[in-house]
Amino acid sequence: MAFEVQAAYWQTLWFRLSSVAGLAVLLWMLYKLRVRSIQQHSEQLASINSKLETQIAERKQAEEALRQAQADLTHANRVSSMES
């Protein structure tokens, strides 16, 4: 009497191929998720950078106005002290 023992399902070629395919899909999804996360973070940093650049420009303009006001005040003080 001859009989054949069937392989367990995890030992079959179709199971191994589908496992490899499933793993490949999972890795691809993780990759796409990571890329999307990096892109969102990059956009957030670009927005923050733009706001900071605007603040820096405003502060430089205010500093220049203050320097000019101080120079004008110094000049006015010199002129008034010369006239006295």
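The values are calculated or read from the model by the stated rules, or taken from the named source; none is laboratory data. Computed from a prediction, not measured in an experiment: that's the story for all the values here. Note: ideal-geometry Cβ built from the backbone for every residue, glycine included; neighbour counts use all protein chains shown.
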>> What are the pairs with Cβ atoms under 7 angstrom where one residue, in the range 12-26, is surrounded by 10 or more Cβ atoms within 10 Å (Cβ to Cβ) and at pLDDT below 95 and the other, located anywhere, is small (Gly, Ala, Ser) and in a loop (DSSP other than H, G, I, E, B)? Sequence gap at least six, or different chains.
In response: none
>> Taking the condition of being outside any helix (DSSP H, G or I) and of a type in the set (A, V, I, L, M, F, W, C), how many residues in the range 1-38 meet it?
In response: 6
